[in-house]
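> Just passing along the structure, written as structure tokens.
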Amino acid sequence: MKIQIEKTGSYLPSLVIANDDMATIVETNDDWIRTRSGIESRHYTSGEPTWFMGAEAAKEALESTDPETIGLIVVTTVTPDYATPATASIIQAEIGATHALAFDLNAGCTGFVYAFDLAAAYLAAMPFERALIVSTETLTKLTNFNDRKTCVLFGDGAGAVLLKKTDANDPSGICGRFMGGTGEGAEHLVGEAYEVNHPFLQAPPWPKRFPDHEAGRTFSMRGREIYKFAVQILPETVMRAVAEAGWAIDDVDLIVPHQANARIIQGAAKRLGVAEDVMVEQIADIANTSSATIPIVLHRLVREGRLQRGMRVVLCGFGGGLCYGAVAFVY
Ligand code: ACO
């Protein structure tokens, strides 16, 4: 038995914010943003909630598939609309996947790849036919629009991937994976959630876990630290998954990394010695949508016909946590 990607979907809100628009709210300019990050514009929600974007992407990935064949829904997000229910439960109801177990997973920008790994292992162990992964992020909820160092980098959007069990003889399927994390670097990207505040609280406030951040409920990021981590971990993680698949790097047709910064992606392509058309870089009009970038780009590649059955592909996520992971598969 093998696990393969059956179908994909995505949702990008129609509101497009160009670099010149960002320059009207903070001291920045199109040239700085393009040169440092590769970003030209980003999509922002016009009020669509995180669950809605995820449900739209899920519906596109499902198309005519019977939702009752789905045994697992994993939603990855750092920006849910509710603490409870999980976003996955809302999407479950929206698509009518009545037999699925559904929950959310937060692993920052690595969420999609972790969910992919988890869903594949679950499908292999359980008598279900399909699993659905939905990555949906409204990063504008966590964006500090007074901080030019971070606000220009993020966007909103969702992507979805339907996984299916196939026969062992099927040429498509997962061949290798490598996941990891290093919590020591957690302080490099912080955004606070709920505070302790009940009517009987008497003790002085507990010391902050990340005292150097004045993040509050918006992102506080040490960009340089994350950059250093990313340029090293991206090629390393890709190579580990490729080795586990028993491939050489030259066997790989497409590498789809998390879209955090064009320079990180281009640097990784150089270190791996792969051509520009192998390392997929599509950050220009989507910006960093955290865990949603990989499935959004995957769906685009399918739609454009650039991703064809039989191709050898590596997906690689990295970011807040700090987490990282890669999956190698034949599409
Ligand atoms: N417009 C104009 N100038 C700016 C802007 C801006 N938007 N932002 C910063 N600057 C200025 C700084 O103030 C600084 O000026 P100074 O030298 O006078 O102090 C100068 O530009 C250089 O700033 P740096 O922060 O050193 O710029 P750098 O080249 O490191 O690029 C960036 C910053 C793009 C954030 C880069 O560090 C990066 O991409 N890091 C990785 C970030 C990342 O991937 N984060 C997400 C990972 S986790 C996740 O995906 C959720």
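> Could you size up the charge dipole of the chain around its Cα centre, putting +1 on the beta carbon of Lys and Arg and -1 on that of Asp and Glu, and report it in debye to the nearest 20? Each step should come with its number before you reach the end.
On the way: 28 positive and 40 negative charges, 121 e Å.
Dipole size: approximately 580 debye.
> Can you give me the Cα centroid spacing of region 122-173 and region 29-68 in angstrom?
Here the two parts' Cα centres lie 11 Å apart.
> Considering just Cα atoms, how many Å³ per residue does the convex hull of the chain enclose?
So the per-residue hull volume is 144 Å³.
> Taking the Cα centre of region 227-308 as origin, sum charge times position over the Cβ atoms of Lys and Arg (+1) and Asp and Glu (-1), and report the length of that vector in debye to the nearest 20.
Working: 8 positive and 10 negative charges, 60 e Å.
Charge dipole of region 227-308: 280 debye, to the nearest 20.
> So for region 91-171, taking the charge dipole from beta-carbon charges (+1 Lys/Arg, -1 Asp/Glu), which of F145, A160, I95 sits furthest toward the positive end?
F145
> Heavy atoms only, 1.4 Å probe, whole protein assembly: order F52, F154 by accessible area, highest first.
Result of the area sort, largest leading: F52, F154.
> For E60, E184, write out the residues from largest to smallest accessible area, computed with a 1.4 angstrom probe and no ligands counted.
Numbers: E60 75, E184 150 Å².
From most accessible down to least: E184, E60.
> Related question: Sum up the lysine pairs in the chain that clear both bars: alpha-carbon distance under 22 Å and a spacing of 8 or more or different chains.
Qualifying lysine pairs in the chain: 11.
> Right, next: Report relative contact order for region 179-300 in percent, whole number only (criteria: Cα-Cα under 8 Å, sequence separation at least 6).
RCO, region 179-300: 21 percent.
> Calculate how many DSSP beta bridges within the chain are antiparallel, expressed in % of all such bridges and rounded to the nearest 5.
70
> With just the Cα atoms defining each centre, how far is region 292-331 from region 201-245? Give it in Å.
Centre-to-centre distance over Cα atoms comes out at 22 Å.
> Right, something else. I'd like the antiparallel share, as a percent to the nearest 5, of DSSP beta bridges with both residues in region 173-330.
Looking only at bridges with both residues in region 173-330, the antiparallel portion is about 80 percent.
> Just check region 210-326 against the gyration tensor rule for me: Cα atoms, a ≥ b ≥ c as the square roots of the eigenvalues, rounded for a/c under 1.5, and otherwise prolate or oblate depending on whether a/b exceeds b/c.
Cα axes put region 210-326 in the prolate bin.
> Please calculate the 1.4 Å probe accessible area of R312, with all protein chains present, and give it to the nearest 10 Å².
80
> Using the crude model of +1 on Lys and Arg Cβ and -1 on Asp and Glu Cβ, and no other charge, please compute the dipole size for region 3-165 relative to its Cα centre, in debye to 20.
That gives region 3-165 a dipole magnitude of about 380 debye.
> Suppose accessible area is computed on protein heavy atoms with a 1.4 Å probe; arrange Y194, Y324 from highest to lowest.
Values: Y194 175, Y324 35 Å².
Largest to smallest exposure gives the sequence Y194, Y324.
> Taking amide H positions as placed 1.01 Å from N in the peptide plane, with prolines and chain starts having none, which residues 5 or more places from E6, or on another chain, fall under 5 Å of its amide H?
Under 5 Å from the amide H of E6 lie the amide H atoms of L162, L163, K164, each far enough along the sequence or on another chain.
> Still on this structure: Carbon and sulfur together cover what percent of the accessible area of the chain at a 1.4 Å probe radius?
Numbers: 7500 of 14680 Å².
That fraction is 51 percent.
> Also, quick follow-up: Let me cross-check S14: its accessible surface, 1.4 Å probe, with only protein heavy atoms counted, in Å² to the nearest 10?
About 100 Å², ignoring ligands and nucleic acids.
> Another one. For region 62-117, what is the accessible area per residue in Å² when the probe is 1.4 Å?
37
> Taking the Cα centre of the chain as the origin and placing charges on Cβ (Lys, Arg +1; Asp, Glu -1), which of F128, P295, I233 is farthest toward the positive end of the dipole?
Result: I233.
> Restricting to DSSP H runs of at least four residues, report the calculated mean residue ellipticity at 222 nm for the chain, -39500 (n - 2.57) per run over all residues, nearest 500 deg cm²/dmol.
Computed ellipticity for the chain at 222 nm equals -9000 deg cm²/dmol.
> Can you tell me the accessible area per residue over region 279-322, all protein chains present, probe 1.4 angstrom, in square angstrom?
On a per-residue basis, region 279-322 sits at 26 Å².
> Once the other residues with Cβ under 13 Å from the Cβ of V16 are scored (Lys, Arg +1; Asp, Glu -1), what is the net sum?
Around V16, the charge tally is -4.
The values are calculated or read from the model by the stated rules, or taken from the named source; none is laboratory data. This is a predicted model, so every value here is computed, not measured. Positions of Cβ are generated from backbone atoms using ideal geometry, with glycine treated the same way; all protein chains shown enter the neighbour counts. Keep in mind that these areas ignore ligands, DNA and RNA; they rest on the heavy atoms of the full protein, side chains included. Shrake-Rupley method; radii C 1.70, N 1.55, O 1.52, S 1.80 Å.
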